[in-house]
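Data block below; observations after.
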Amino acid sequence: MIDFGARTGGMSFALNTLRIRVKDEGRIVVRIRFHGRGGHGIKTASRIAGSAAFEAGMQVQDSPVYGAERRGAAIAALTRIDTQPILERGMISDPDFIVVADETLLTESEAGVLVGHEFASAVFVNSPGNSRALANQFHIPCRVLTLDLTAQAIELLGRGLALSAAVAAAACAMTGFISLDATCRAVRLELAELHVQPDLIERNVELTRRVFAGVSAVPMCARPVAPVPDCIHEVTALGTCESVPIIYAVGNSAARHTGYWRLFRPVIDLEACTRCGICYALCPDSAITLNEQGFPHIDNENCKGCMMCFQECPVHCIREQREVRAW
Ligand code: SF4
Ligand code: SF4
């Protein structure tokens, strides 16, 4: 199942406020493809970026792409920004910017993170790692930017999975024409619509400011673009193997190790555990078993890090431990 919740909008704009390339007789187009995992807020990130660009006077379209029960699984979201009405629909296969909320997605070819990277001006990766090392390791020829958004989210929000504002801010900063003020307004607008508490919204705004300070604008490369369509134009969708993980055969979930999806590992304090079994019952991947004494045990090869057990444990004896990549 694919969810395309697109929205479009438009208003007049001032060309002299823009510092991006001009293509096709004055037309300005920016296509941003976000990649993350269910629970990161990637859909909201694409919406924030769209709202911020709209504030900057552009026409925008944003849409998420994900399947059923996607918590922890690879998802994508798209933001198209244009000076003209956007008649293109479907997956962005020729992104100007790729924004990656979880570096482990780079190793997951099925997530399609680097599809069309030859068109991109830059790839942003949420990572504490070195951008040059990542570019070499994954053979990314364009500019690669890294920033540890997760660490900033932990510090400011208390949760490293809540990345929507941070990821959107990285994208907006890279464009060079969406201002910090417009992005902050978009963060407030979109998070308020999701009924996020005012205090938490303001901490997201502070996170946005920090990300803006850490991500530089990237001049966009000139490249040939398709002619402007004069009617709705459906872009060929990526195959399911490129856009969402596949179920190859019935009953293969135990064989498909989803442990590398995790940004955080649940760690149980067995001294405090009351053996209620709620985590065992609620784990969507059946990654928790109970031993003979009724204590839960987590199968870390299949725990995808959705943190439902962490959220639902009635005595709060499960904590989040950040995973450290060792490629
Ligand atoms: S063990 Fe916890 S974090 Fe891991 S998949 Fe199950 S509910 Fe999610
Ligand atoms: S939900 Fe918490 S208390 Fe209950 S079995 Fe799991 S870890 Fe123990």
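With the checklist (1) in contact with a strand residue (DSSP E or B) (Cβ under 9 Å, 6 or more places away or on another chain); (2) more than 10 Å from ligand 2 (Cβ to nearest atom) in hand, flag the one item Tyr280 doesn't pass. Answer for Tyr280: the failing condition is (2).
For region 144-164, the criterion of being free of Cβ contacts under 8 Å to residues at least 60 places away in the same chain and closer than 19 Å to Pro219 by Cβ is met by at least one residue. Residues that are away from ligand 1 (no atom under 11 Å from the Cβ) and surrounded by fewer than 17 Cβ atoms within 10 Å (Cβ to Cβ) were ranked within region 302-320; the one that is farthest from Gly72 (Cα to Cα) is Val315. Inside region 260-279, residues that are over 24 Å from Gly158 (Cβ atoms) and near ligand 1 (Cβ under 9 Å from one of its atoms) make up a count of 0. Looking at Cys309, is it out of contact with any Ser or Thr (no Cβ under 7 Å at 6 or more places or on another chain), at pLDDT 90 or above, in a helix (DSSP H, G or I) and not polar (S, T, N, Q)? Yes: the conditions hold for Cys309.
Answer with yes or no whether Thr146 is of a type in the set (S, T, N, Q), open to solvent by 10 Å² or more (accessible area, probe 1.4 Å) and either under 18 Å from Arg33 (Cβ atoms) or in contact with a Pro (Cβ under 9 Å, 6 or more places away or on another chain) (or both). In short, yes. Return yes when Ala182 is in a loop (DSSP other than H, G, I, E, B), open to solvent by less than 60 Å² (accessible area, probe 1.4 Å), at pLDDT 90 or above and over 28 Å from Gly305 (Cα atoms) and no when it is not. Answer is no for this residue. Within the set Glu190, Glu155, the sole residue that is part of a helix (DSSP H, G or I) and surrounded by fewer than 16 Cβ atoms within 10 Å (Cβ to Cβ) turns out to be Glu155. Per the conditions (1) over 15 Å from Ser164 (Cβ atoms); (2) open to solvent by 20 Å² or more (accessible area, probe 1.4 Å); (3) in contact (Cβ under 8 Å) with a residue 24 or more places away in the chain, the sole criterion not satisfied by Arg80 is (2).
The values are calculated or read from the model by the stated rules, or taken from the named source; none is laboratory data. In this text, all values refer to a predicted model and were calculated from it rather than measured experimentally. For neighbour counting, all protein chains shown are included, and Cβ atoms are generated from backbone atoms with ideal geometry for every residue, glycine included. Ligands, DNA and RNA are stripped out before the accessible areas are found, and what is left, the full protein with its side chains, is counted by its heavy atoms. Shrake-Rupley method; radii C 1.70, N 1.55, O 1.52, S 1.80 Å.
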